[in-house]
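Single-structure report; data block below.
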Amino acid sequence: GANAETVLRSVAPSLEESINGVESMSYMSSTASNDGSLVITIYFKLGTNPDQAAVNVQNRVSQATSQLPVEVVQAGITTSKQQNSLLMVVDLYADDEKNFDQTFLANYAQINIIPEIKRIPGVGQSIIFGGNKDYSMRVWLNPSQMAAYNLTPNEVLGSIRDKNLEAAPGKFGESSNEAFEYVIKYKGKLNQPIDYENIIIRSNPDGSMLRLKDVAKIEFGAYTYGNYTRVNGKPGVNIASMQLSGSNSSEIQIAIDKLMQKASKNFPKGVKYLILYNTKNSLDQSIEQVIHTLIEAFILVFIVVFLFLQDFRSTLIPAIAVPVAIIGTFFFMKLFGFSINLLTLFALVLAIGIVVDDAIVVVEAVHAKMENQQLTPKTATLSAMHEITGAIISITLVMSAVFLPVGFMEGSTGVFYRQFAFTLAIAIVISAVNALTLSPALTALLLKNKHARDENDVPEIAEAGTYSYTGHNQGGITNGNAKHNTHAPKEKQGFKERFFTAFNAAFDALSNRYIGSLRFLIRHKWVGFAGLILVIAGTAVMVSKTKTGFIPSEDQGFIAISLSMPAGASLQRTTEVVKKTEDALRGIESNKTLMGLSGFNILTQSSTPSGAVLFVLLKPSEERGKVKDINEIMNQIRGKLAEVREGNFFVFTFPTVPGFSNIDGLDLVLQDKTGGKLDKFSGVANKFLMELMKRKEIAVAFTSFKSDYPQLDLEVDEIKAEQLGVSVKDILQTMQVYYGSSQASDFNRFGKYYRVMVQAQTESRNEPTTLDGVFVKNRTGEMVPINTLVKLNRVFGPETVSRYNLFNSIGVNAIPKPGFSSGDAIRAVEEVAAQQLPEGYSFEFSGLTREEISSGGQSVIIFSLCLLFVYFLLSAQYESYILPLSVILSIPVGVFGVFAAIGLTGIENNIYVQVALVMLIGLLAKNAILIVEFAVQRRRAGKTLVASALEAAKLRLRPIIMTSLAFVAGLVPMMSATGPSAQGNHSISIGAAGGMITGVVLGILIIPVLFVVFQHLQERVSGKKGPAERREKQQNKNHQAALA
């Protein structure tokens, strides 16, 4: 019977003050409703032990119990741990309401289904969603008859408590010499309506008895009647299950599904079930999509590698490296506790294009040895591995080092980054081990030395063409082969030979043009540096203008509709509108299941007669008919709802990652730190929303808080009450029992605990005039009309009241306008708050928005750390703090491509794009290292700076393009992905591909220039010149000495 303000005033402060500051707490929110309930939610930092957190909170609650009203302690305070998200919703419904109503279905579920669901490992909570429909012994009092018999509600409550009890009468014969002992039993608490009907309230002087049935109607009913659920137009209930932290949602849902299949065999005739919502379907579709992508990526990578290696045996070696690395990665994922989820699968798809690199290096080096030194495959392998082992280890260390800073990230963003980055790092390390062990063994076994020949052998053109890349990579030997082949007899070539010949000729022409371009850039270094500065400036501009986001919205096949009726609307009125809404939506072709729940506000997670929610489960994408896009379906729904004018509707989808908020939009709370009245606070909030709606970034901003609900303020005439000998406490208790309800006792039935609730019958409390029939007893035993002691004043007040971190709060949701990102909307909110909120009022972001903001701050630090790790590792490798800059400064050309690609495709700078950026730092650094390292070797061998740079660029051009194209080819299937993870696929693949393309195209032009400049600086600073310069200087000295 308590309203929201009473609960918030008398219960919330004591509990909140006690709970506040509990170990590892992040923030706390509270919501009180007019049904007398209070929910306090404490959010903890990620990684907090949920069991310990629950114990800590329970201990704090116990400290505050003595400060709480007796009624609250009697009703009980429940402390439970759970994930803040729905895992699965099972709907139980009946074909015929006459046989099985909602109360029966709810209790059938409570007795037969929910206990088994709770026993499934990983289930944190399983409840009837939308209200407590537990069985209850309802005592419906008739105030007129009560007054006629001179009875008060307190006397009825006392009689029930006196007659309905458990007892321990003891036993006969204990500790005696009797032959038998007899245990004395008592019937205990009553559990049948007829038993309560016969409870004696009073005996009359004439010997007659006044029984409870004389003044009340007894019914075995429900604890509350504040909601109504319909499943496809039929009565039903929702069984909502939440998971424990650290549990596997897929395994839980499989177990629940099996349980429901088993339980349905014993359902009463006419009772059925369906799965309204689960996260497994979208996850399974996403995983299936990624698996298809995995296979397609493998095929494309195989084709690209074969195109460059031009020999099946050679291509087979890198191809074998892929499954070996992926299977090995699964082993370590299990070891580290990672699950197979979207992020780890994304990492495996990307790994396909990366793990072939090391194997390609091995195959290429062995071919070079066989061609240049005419060695056998085994000898060539041993010789090649002696030279390239250090390079493979170096590249692996650099690429793995990029992912190390990710381990320092905190919060939900850290989970995203860690699972992806560590999975990819594991695959790269296994790839390196593979390249040092398995790949050499395979080259020795599988490769054939087609290069060895004697003077009388006439080489085949196809074979020369097949390995032209090797000679080309080793400084132009291919050209010699080509000349040699011109003397060979011309045999008819097949398509493959002609294609490879043409491909190699085109690549040679490209290589020559590339070297010519490099000569120009090295001669005119200002051109290269000017271009690099332009690229960096362009990247900075694009970064600042690119829309930011956190996690892109995905098509989960599930739509929610919140209905808000005019303030003060009754449950019956709301239910009628829900039925009308169901009829309007039933004709949409894409809909599979439609569930309506009246009496519940999903935005505030509170009970209210003027609110309702409808859930629409869509068919799979291929079965939806003409309209398949979920956004277009939502527009269809909005069009249909425009015909229903009785209420306001809000159509939305749940966030892609559940647990942070209920809607896919911005979450924030306004706080009143002045402790002022709620109506003033409401005015501040409304003004804030009006200004926010004027912003171009905001499509809609709203709050579910309303302070205009019609209410009646009860005013007791205390002077008159005292004159008539009536206690104010008796007046208020009488009102509570009649117009609220009161728990008289409890009982046990079906092995469950149920309450005995006393309340006036419906027709005796449906309007204020019913007070005329209510009486209260004074000290002399006379009945006094209660309407002579109280006065009702019409006022307005809230339906629900909330607090956030100990202050009164109003929740606000905002949806960004199409064309604007969540980051744009966040900035708009911050600007409006700074301009409009008066002194003493503040705001805080919560839910997913809070995570997005915290992740943005960490991302910059993590990217900086990644670059720093690469820089220090290269500094140690090259024994120089200057030369590594030639690698580091080449990375911005790849970042330029990332933001150019997502800008052209309209993708936000979200968490998937940021993951791709971290990965690209390693990949682009690897390409730069391949050029710089070989140039350093040539420089040490005595060549000039320019000659070293040009030879390294020419040598590494083909493997860089081959491995980069293999990587991009592995991303192509992700670019066209559909289903629940489509946006994530598109973000990570398009961003990574764009960065790789520009990173290679521009990088191979700028890296040699950077090497020449920074190697020159390094030699000037260190005073060490290259052998070529030293020889030239010595020749000059000798020449001068000779002249002397």
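How about the range 869-883: which of its residues are on the phi < 0 side of the Ramachandran plot and surrounded by fewer than 24 Cβ atoms within 10 Å (Cβ to Cβ)?
So in the range 869-883, the residues on the phi < 0 side of the Ramachandran plot come out as 869-878, 880-883.
Scanning the range 869-883 gives Phe869, Tyr871, Phe872, Leu873, Ser875, Ala876, Gln877, Tyr878, Ser880, Tyr881, Ile882, Leu883.
Which of the residues spanning the range 730-750 are touching a residue at least 24 places away in the same chain (Cβ under 8 Å) and over 46 Å from the mean Cα position of the chain (by Cα)?
Across the range 730-750, the qualifying residues are Asp730, Ile731, Gln733, Thr734, Met735, Tyr738.
Which residues, taken from the range 618-658, are in a loop (DSSP other than H, G, I, E, B), charged (D, E, K, R) and either under 30 Å from Glu852 (Cβ atoms) or under 22 Å from the mean Cα position of the chain (by Cα) (or both)? Spell out the reasoning first.
Taking the range 618-658 first, the residues in a loop (DSSP other than H, G, I, E, B) are 619-620, 624-629, 642-647, 653-658.
Subset that is charged (D, E, K, R): 619, 624, 626, 628-629, 643, 645-646.
The answer is Lys628, Asp629.
With the requirement that a residue be in contact with a helix residue (DSSP H, G or I) (Cβ under 7 Å, 6 or more places away or on another chain) and either at pLDDT below 90 or within 30 Å of Leu46 (Cα to Cα) (or both), what does the range 250-274 give you?
Ser250, Gln253, Ile256
When the residues of the range 923-947 are filtered to those that are more than 50 Å from the chain's Cα centre (by Cα) and in a helix (DSSP H, G or I), which remaining residue is surrounded by the fewest Cβ atoms within 10 Å (Cβ to Cβ)? Can you show your working first?
Our first condition is that a residue be more than 50 Å from the chain's Cα centre (by Cα); within the range 923-947, this holds for 938-947.
Then keep just the ones that are in a helix (DSSP H, G or I); that gives 938-940, 945-947.
Values: Arg938: 20, Arg939: 22, Arg940: 11, Leu945: 21, Val946: 16, Ala947: 14.
In this case the residue turns out to be Arg940.
Please work out which one of (1) within 30 Å of Pro768 (Cα to Cα); (2) touching a residue at least 60 places away in the same chain (Cβ under 8 Å); (3) not assigned by TED's automatic domain parsing to the domain that holds Ala828 is the condition Thr653 fails and give its number.
Unmet condition: (1).
For the range 134-155, enumerate the residues that are under 52 Å from the mean Cα position of the chain (by Cα) and in a loop (DSSP other than H, G, I, E, B).
Result: Asp134, single match.
Six or more apart or on different chains, Cβ under 8 Å: which pairs go from a residue in the range 1-15 that's in the same structural domain as Ile40 (by TED's automatic domain parsing) and within 18 Å of Gln605 (Cα to Cα) to one that's basic (Lys, Arg) and crowded, with 18+ Cβ neighbours inside 10 Å? Could you list them?
Leu8/Arg803; Ala12/Arg803
Can you tell me which residues in the range 848-862 are modelled with pLDDT of 75 or more and crowded, with 20+ Cβ neighbours inside 10 Å?
Thr849, Arg850, Ile862
Against the definition (in contact (Cβ under 8 Å) with a residue 40 or more places away in the chain and β-branched (Val, Ile, Thr)), how does Val361 come out, yes or no? It would help to see each step written out before you state the result.
Working: in contact (Cβ under 8 Å) with a residue 40 or more places away in the chain: yes; β-branched (Val, Ile, Thr): yes.
Here the answer is yes, as Val361 does meet what is asked.
For Asp51, which of the numbered conditions (1) under 24 Å from the mean Cα position of the chain (by Cα); (2) surrounded by 13 or more Cβ atoms within 10 Å (Cβ to Cβ); (3) touching a residue at least 12 places away in the same chain (Cβ under 8 Å) fails to hold?
Asp51 satisfies all of (1) under 24 Å from the mean Cα position of the chain (by Cα); (2) surrounded by 13 or more Cβ atoms within 10 Å (Cβ to Cβ); (3) touching a residue at least 12 places away in the same chain (Cβ under 8 Å) except (2).
Residue-wise test of (1) part of a helix (DSSP H, G or I); (2) touching a Phe, Trp or Tyr at 6+ places or on another chain (Cβ under 8 Å); (3) not hydrophobic (A, V, I, L, M, F, W, C).
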residue: Gln289; (1), (2), (3): yes, no, yes
residue: Ile303; (1), (2), (3): yes, no, no
residue: Ala319; (1), (2), (3): yes, yes, no
residue: Thr329; (1), (2), (3): yes, no, yes
residue: Ser339; (1), (2), (3): no, no, yes
residue: Ala391; (1), (2), (3): yes, no, no
residue: Ser394; (1), (2), (3): yes, no, yes
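Could you pull out the residue among Thr103, Thr78 that is without any contact (Cβ under 8 Å) to a residue 12 or more places away in the chain and either within 29 Å of Ser846 (Cα to Cα) or crowded, with 17+ Cβ neighbours inside 10 Å (or both)? Break it down stepwise before answering.
Details: Thr103 fails: without any contact (Cβ under 8 Å) to a residue 12 or more places away in the chain.
Only one candidate qualifies: Thr78.
Restricting the search to the range 46-100, which residues are among the β-branched types (Val, Ile, Thr) and either in contact with a helix residue (DSSP H, G or I) (Cβ under 9 Å, 6 or more places away or on another chain) or farther than 30 Å from Lys592 by Cα (or both)?
Of all residues in the range 46-100, those among the β-branched types (Val, Ile, Thr) come to 48, 55, 57, 61, 65, 70, 72-73, 77-79, 89-90.
Correct list: Thr48, Val55, Val57, Val61, Thr65, Val70, Val72, Val73, Ile77, Thr78, Thr79, Val90.
Of everything in the range 884-899, what is surrounded by fewer than 20 Cβ atoms within 10 Å (Cβ to Cβ) and assigned to a helix (DSSP H, G or I)? Give them in sequence order.
Step one: filter the range 884-899 for residues surrounded by fewer than 20 Cβ atoms within 10 Å (Cβ to Cβ), giving 885, 888-889.
If the condition is that a residue be surrounded by fewer than 20 Cβ atoms within 10 Å (Cβ to Cβ) and assigned to a helix (DSSP H, G or I), then Leu885, Ile888 are the ones that fit.
Run down Ala834, Ala825 and say which single residue is under 17 Å from Glu908 (Cα atoms), of a type in the set (Gly, Ala, Ser) and outside the structural domain of Thr31 (by TED's automatic domain parsing).
Numbers: Ala834 fails: under 17 Å from Glu908 (Cα atoms).
Testing whether each residue is under 17 Å from Glu908 (Cα atoms), of a type in the set (Gly, Ala, Ser) and outside the structural domain of Thr31 (by TED's automatic domain parsing) leaves just Ala825.
Any residue in the range 976-993 that is over 17 Å from Glu288 (Cβ atoms) and in the same structural domain as Thr293 (by TED's automatic domain parsing) sitting within a Cβ distance under 7 Å of a residue that is of a type in the set (Ser, Thr, Tyr) and part of a helix (DSSP H, G or I)? List the pairs, counting only those 6 or more apart or interchain.
These pairs meet every condition: Ser987/Tyr912; Ile988/Tyr912; Ile990/Thr905.
With the condition kept exactly as written, say whether any residue in the range 777-794 is in contact (Cβ under 8 Å) with a residue 60 or more places away in the chain, closer than 26 Å to Val7 by Cα and small (Gly, Ala, Ser). Steps first, answer last, please.
Here is the first cut: in the range 777-794, the ones in contact (Cβ under 8 Å) with a residue 60 or more places away in the chain are 777, 781, 783-784, 788-794.
Now restrict to residues that are closer than 26 Å to Val7 by Cα: 789-794.
With small (Gly, Ala, Ser) added as a condition, the list becomes none.
No - not one qualifying residue is present in the range 777-794.
Looking for whichever is part of a helix (DSSP H, G or I), among the hydrophobic types (A, V, I, L, M, F, W, C) and either crowded, with 24+ Cβ neighbours inside 10 Å or modelled with pLDDT under 85 (or both) here; the options are Ala977, Ala992. Which one fits?
Details: Ala977 fails: part of a helix (DSSP H, G or I).
Answer to the selection: Ala992.
Report, by residue number, each residue of the range 619-649 that is closer than 28 Å to Gln289 by Cβ, acidic (Asp, Glu) and in contact (Cβ under 8 Å) with a residue 40 or more places away in the chain.
The first filter runs over the range 619-649 and keeps only residues closer than 28 Å to Gln289 by Cβ, leaving 619-637.
Going one step further and asking which of them are acidic (Asp, Glu), we end up with 622-623, 629, 632.
Residue satisfying the conditions is Asp629 alone.
Tell me whether the range 757-775 contains one or more residues that are farther than 30 Å from Ala569 by Cβ and modelled with pLDDT under 90. Walk me through it before giving the result.
Of all residues in the range 757-775, those farther than 30 Å from Ala569 by Cβ come to 775.
Checking which are modelled with pLDDT under 90 leaves us with none.
No, that holds for no residue.
Being under 30 Å from Tyr27 (Cβ atoms) and part of a loop (DSSP other than H, G, I, E, B) is the filter here, so list the residues in the range 836-879 that pass it.
Leu837, Pro838, Glu839, Gly840, Ser846 - these are the residues of the range 836-879 that are under 30 Å from Tyr27 (Cβ atoms) and part of a loop (DSSP other than H, G, I, E, B).
Could you pull out every one of the strands (runs of 3 or more DSSP E) wholly within the range 748-808 that has 1 or more residues that are surrounded by fewer than 13 Cβ atoms within 10 Å (Cβ to Cβ)?
Numbers: elements: 752-760, 775-777, 783-785, 790-797, 800-804.
Those strands (runs of 3 or more DSSP E) span 752-760, 790-797.
Looking only at the range 291-310, count how many residues are modelled with pLDDT under 80 and in contact with a Ser or Thr (Cβ under 7 Å, 6 or more places away or on another chain).
3
Can you pull out every residue in the range 311-342 that is closer than 30 Å to Asn248 by Cα, surrounded by fewer than 13 Cβ atoms within 10 Å (Cβ to Cβ) and over 23 Å from the mean Cα position of the chain (by Cα)?
Filtering the range 311-342 for residues closer than 30 Å to Asn248 by Cα gives 322-342.
Adding the requirement that they be surrounded by fewer than 13 Cβ atoms within 10 Å (Cβ to Cβ) leaves 323, 327, 331, 334-337.
Hits for the range 311-342 are Pro323, Ile327, Phe331, Leu335.
Go through the residues of the range 338-350 one by one and say whether even a single one is of a type in the set (Ser, Thr, Tyr) and in contact with a helix residue (DSSP H, G or I) (Cβ under 6 Å, 6 or more places away or on another chain).
Applying the first criterion (of a type in the set (Ser, Thr, Tyr)) to the range 338-350 yields 339, 344.
Among the residues that remain, those that are also in contact with a helix residue (DSSP H, G or I) (Cβ under 6 Å, 6 or more places away or on another chain) are: 344.
The answer is yes, given that some residue of the range 338-350 is of a type in the set (Ser, Thr, Tyr) and in contact with a helix residue (DSSP H, G or I) (Cβ under 6 Å, 6 or more places away or on another chain).
Could you say which residue among Gly625, Gly596 is under 18 Å from Glu582 (Cβ atoms), small (Gly, Ala, Ser) and either touching a Lys or Arg at 6+ places or on another chain (Cβ under 8 Å) or not assigned by TED's automatic domain parsing to the domain that holds Tyr804 (or both)?
On the way: Gly625 fails: under 18 Å from Glu582 (Cβ atoms).
Checking each option against the conditions leaves just Gly596.
The values are calculated or read from the model by the stated rules, or taken from the named source; none is laboratory data. Just so it is clear, the model here is predicted, and its values are computed rather than measured. Virtual Cβ from ideal backbone geometry, glycine too; neighbours counted across all protein chains shown.
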